[in-house]
Each structure stands twice: as C-alpha cells, then as structure tokens.
1. Which of the residues spanning the stretch 100-110 are buried (at least 17 other Cβ atoms within 10 Å of the Cβ) and either modelled with pLDDT under 95 or under 11 Å from residue 156 (Cα atoms) (or both)?
2. Which condition from (1) assigned to a helix (DSSP H, G or I); (2) in contact with a Leu (Cβ under 9 Å, 6 or more places away or on another chain); (3) free of Cβ contacts under 8 Å to residues at least 24 places away in the same chain; (4) not acidic (Asp, Glu) is the one that residue 240 breaks?
3. What's the number of the only condition in (1) at pLDDT below 95; (2) within 30 Å of residue 177 (Cα to Cα); (3) out of contact with any strand residue (DSSP E or B) (no Cβ under 6 Å at 6 or more places or on another chain) that residue 138 fails to meet?
4. Does residue 246 satisfy the condition of being of a type in the set (Ser, Thr, Tyr) and at pLDDT 95 or above?
5. Is there any pair with a first residue in the stretch 121-139 that is aliphatic (A, V, I, L, M) and a second that is assigned to a loop (DSSP other than H, G, I, E, B) and modelled with pLDDT of 95 or more whose Cβ atoms are under 8 Å apart and which are 6 or more apart or on different chains, and what are they?
6. Tell me, which residue of the stretch 169-181 that is modelled with pLDDT under 95 and out of contact with any helix residue (DSSP H, G or I) (no Cβ under 6 Å at 6 or more places or on another chain) is surrounded by the most Cβ atoms within 10 Å (Cβ to Cβ)?
7. Regarding residue 115, is this residue modelled with pLDDT under 95, assigned to a loop (DSSP other than H, G, I, E, B) and within 29 Å of residue 210 (Cα to Cα)?
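The values are calculated or read from the model by the stated rules, or taken from the named source; none is laboratory data. As the structure is a computational prediction, the values presented were derived from the model and not from experiment. Neighbour counts are summed over all protein chains in view; Cβ atoms, including those assigned to glycine, are modelled from backbone coordinates with ideal geometry.
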Amino acid sequence: MLEFSVLGPMTVRQEGRVQPVPTVMLRRVLALLLARAGTPTSVDLLIDELWAERPPRSARRTLSAYVSRLRKLLGDHDRVESSPGFYAICPRPGELDVDTFHQLTEQAARARTTGDRSGAAAAMRAALALWRGRAFDGQRDTALVERTAEGLEQSRLSTFEDYIDFKLDAGATGDIVSQLDAMIGEHPYRERLRGQRMLALYRGGNRADALETFRRTHHVLVQDLGVEPAVKLQQLHQRMLAGDPTLATSFRTGRPS
C-alpha cells in the first residue's frame, strides 16, 4: 500500500516504509500532482510551475522523463495517470492524508447537524491529529502548491477553532491554553484564537491574565496592522470587565476572523 502525506513535510510510504524521492525536481513534480490529487493537470501548467517564465526547449520531454521516474519510484505505472496533454495522481481511499482530513471534517459537520456533539468533537480531534506541521512543508516553492497549502492551513485553523469551542463548552480551560498559544504563534492576528484564549483563562479563574491577553492583542493589532480589535472581541473584553456571569458557562464571543 502507498501512503502520501502532505499535512506536514511531504512523504511517501510503501508498505509503511518511507520511500525517498531523490531529486528536487522530482519532489516538485510529485508535490504539484498531489496538490491537485484526483484532478488532471495540464502539461502547460506543470511546465509553468516548474520553470516559471524560462522553460527549456526540452521541457515537455523532460517532464515526461520525470513522470516516468515517478512511476518507477511508486512501483506502479498507473499511479500517475496520463491523457493527451495532462497528468494526474489519483490516490486510492485511505492513501492521501488530505482526503482523510476532509472526510473527518465532513463527518464532524454531519454530527454537529444531528446534535451529536461528542461525535463531532471526536472527528475534529482525529482530523487535527493528522497534521505534522505546515502543509507541504519544504515543497512550497511553486505558486500552485503554495496556494493549495494555504487553503489547507485555513481549513486546519477553522477546524481547530471549532474544536476549541467544543472544549470550552465542555468546561475545559487550562489544558487548552497551551494549544491556543501554539496556534496563536502561527497566526498572531487571528482574533478568534485570542478571544478563545481570553475565555479559557477567564473560566479558569485567571481574570487578570484574560484581560492582559486583550491588552496584548490590542497592542499587536494597532502596532503591526494599524487596526483596533474587532467589535466582538472588544465586547468580550467589556463583559469580562463587568463580570458578566454568563461568560462562566457559555461561549458567546462570536467568530472574529
């Protein structure tokens, strides 16, 4: 069985063993095809991504040679499908971690729709556990892969925030602050994360630290971006200052992005 992992450094495993992809260009071709897994990618687009505005005259032959090497590496000619002017990798069920991630987030969404909160939380937790770092880490030197990776990062972030909401509603406080700190380190201007940190601290009895989180958020946003915190985050701050008793039991900060 082949396994393709891109939710972190790109890796290929065959029967559980890592299969090295030996050259920079071969890794780029594989990353481009995995970024559009299941979708035919035109030869022209691949050439543009691989060589930008200066493709060699032999670009088509060279790309064909890379695909042949990739097929040999994967041990199955059909793993890289081709049609006139197009190539595609079509992973089988369970072979690509991105597909599993999307299946789990869709499962979480269905569970939320039916009111199965524990099922939704479990699916989100499993989806987040697939991540080993930045998507396509080390292979984001082409525009197509960079765009795909950024989209995956946003999906991860939204899933993480939804999961934290569930944890907060279930009464978790201090145990999630460190998780929030790590994610805020990656997304320092994401106000929803900072609002969640404020609420986790407040519910854990650390009102002073919760208010300090808002002060630091205000400083970062004004200094770095020249903007004030969103109205919803300011309202959460005011409710904490006023000692709003409803903050102790329910998450009502809204979802500032």
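1. Hits for the stretch 100-110 are 101, 105.
2. Single failed check for residue 240: (3).
3. Failing condition for residue 138: (3).
4. no
5. Final answer for the pair search is 130/7; 135/6; 135/7; 135/8.
6. Per the stated criteria, the residue is 179.
7. It is false that residue 115 is modelled with pLDDT under 95, assigned to a loop (DSSP other than H, G, I, E, B) and within 29 Å of residue 210 (Cα to Cα).
One line per residue, one yes/no per condition, for (1) outside any helix (DSSP H, G or I); (2) surrounded by fewer than 14 Cβ atoms within 10 Å (Cβ to Cβ); (3) under 25 Å from the mean Cα position of the chain (by Cα); (4) basic (Lys, Arg):
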site	(1), (2), (3), (4)
3	yes, no, yes, no
12	yes, no, yes, no
39	yes, yes, yes, no
48	no, no, no, no
61	no, yes, no, yes
72	no, yes, no, yes
92	yes, yes, yes, yes
